[in-house]
Structure formats: C-alpha cells, structure tokens
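Novice: For reference, the structure I am asking about is given below.
A short reminder: the numbers here are calculations on the coordinates, not readings from a lab. These figures come from a predicted structure and were not determined experimentally. Note: ideal-geometry Cβ built from the backbone for every residue, glycine included; neighbour counts use all protein chains shown.
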Amino acid sequence: MKYKWLNKSNNKKLIVFFNGWGMDEKVVSHLSFNDFDVLMFYNYTDTDKSDFDFSNYEYKILLAWSMGVYVSNIYYETFKGFDKYIAINGTQKPIDDDYGIPEAVYNLTAENFNEFSKEKFIKKITTHVDLKKYTTRSTEELKSELIAIRDLKPEKYLKFNKAVISTKDRIMPYKNQLRFWSEKDIEITELDAPHYIFNFYTKWEELL
C-alpha cells in the first residue's frame, strides 16, 4: 500500500481518503482542499502498516471509495477514533454475490486481467470522463492489486455513518450495495451517477 499527502497545511480538519482499486491521485486532483488536510491511500498490492499521529486534528473523517471501503478495515486500529466514516460505491463485502461484485466475476477478472480488461473497466467506470488521463498505473500492477485485495481478511470492521450509492454503477452493483447498507444503521444517499462520481464535485467538503 502507498500513501500520499495531497494537502498538509497544518489545518485542524483531516480527510483520510482510501482510493479505489487501480487509481492514483489524479482522479481527485481537481478537488479544492479549503481548510482540510487530505491524506490519500492507494495501491493495495501490499498492506504494510505505517504509524500515523493524528492527535493534532480536531475533526477527522475517513472517506473511502470502491475497494477502498473494504481495505480501510485492515487499518481498524489506526482509524477507529475518527468522527465520521463515509463509503462511496463500495461495501465491506466487495467480493460477494449478494453484497458486492459477484465472486465468479471478480475471480475471472483477476486471473485473466489484461490491457483489454483495463480498457473495459475504464469505459464502465464513467460516461463523463476519460479516465485514461487520470491513472497511469500499469496493467501488471493492477492485476497484482486485484489478487491482493481478494486475499485480504480484516479482523474488525469500521462503523460507517454514511453510504453514497450510484444507481448507474456498472462496477459494484447498485442493488448489492443497497442490500448491504440497508442492513446497517447508516445514512444512505443515492446518486444518479456511475461508479466514478468525483467529477460532479469541485471541493472535498462537498463529498461530506
């Protein structure tokens, strides 16, 4: 796993962003920070843990997108004391016939991932943005990450407060997301949007 401070300006408010599979900072580079520091995690090929001290922040939010919703639970102990947890187009059972991507579909994709698969994914993720301009990571790296995520086994799960679900999501099925989060005590917001929603926003705080 990699991390990068997108903004670190000694603000009192923090957003920790768990990015989606295959992505990097370019997918959110247009969002303005205002009075938030933003720490991004991405590339989940390995999950080596680093120590972070967030004690200087008065308000802390964990925002996770897609597979980032699941991976964030690996770091339960690091982020368990945050003020708010928001999931965007992801669940805590992302490889599941009822609550995520059907298992057979995920396994087939992971084992046979190639350049054509990458192009197909990009076309499915959004109808508004050419994501080829937004992620430069290699096909081989993306395949390794798919396999690594499949093998993760969180010991504990964060309690999310809000789930944002896109009704036109062609990656993480809308009905499965809704089924998962409807069983939780959580605020649910539905968007008439595809899997990638960040192009509808101009600043981080609009996502909160």
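Novice: Name, by its number, the condition in (1) in contact with a Gly (Cβ under 9 Å, 6 or more places away or on another chain); (2) assigned to a helix (DSSP H, G or I); (3) of a type in the set (D, E, K, R); (4) over 18 Å from Asp24 (Cα atoms) that does not hold for Lys93.
Specialist: Single failed check for Lys93: (2).
Novice: Among the numbered criteria (1) closer than 15 Å to Leu207 by Cα; (2) surrounded by 14 or more Cβ atoms within 10 Å (Cβ to Cβ); (3) among the hydroxyl-bearing types (Ser, Thr, Tyr), which one does Tyr75 miss?
Specialist: Answer for Tyr75: the failing condition is (1).
Novice: Anything in region 78-109 that is small (Gly, Ala, Ser) and surrounded by 20 or more Cβ atoms within 10 Å (Cβ to Cβ)? List them, or say none.
Specialist: Within region 78-109, Ala87, Gly90, Gly100 qualify.
Novice: Let me ask something else about it. Please determine whether any residue of region 17-36 is under 12 Å from the mean Cα position of the chain (by Cα) and in a strand (DSSP E or B).
Specialist: yes
Novice: Taking region 52-71 as the search range and keeping residues that are assigned to a loop (DSSP other than H, G, I, E, B) and hydroxyl-bearing (Ser, Thr, Tyr), which one is nearest to Leu158 (Cα to Cα)?
Specialist: Among those residues, the one meeting the criterion is Ser66.
Novice: Are any of the residues in region 72-86 assigned to a loop (DSSP other than H, G, I, E, B), touching a Leu at 6+ places or on another chain (Cβ under 7 Å) and either under 19 Å from Phe198 (Cα atoms) or free of Cβ contacts under 8 Å to residues at least 24 places away in the same chain (or both)?
Specialist: No, the conditions are met nowhere in region 72-86.
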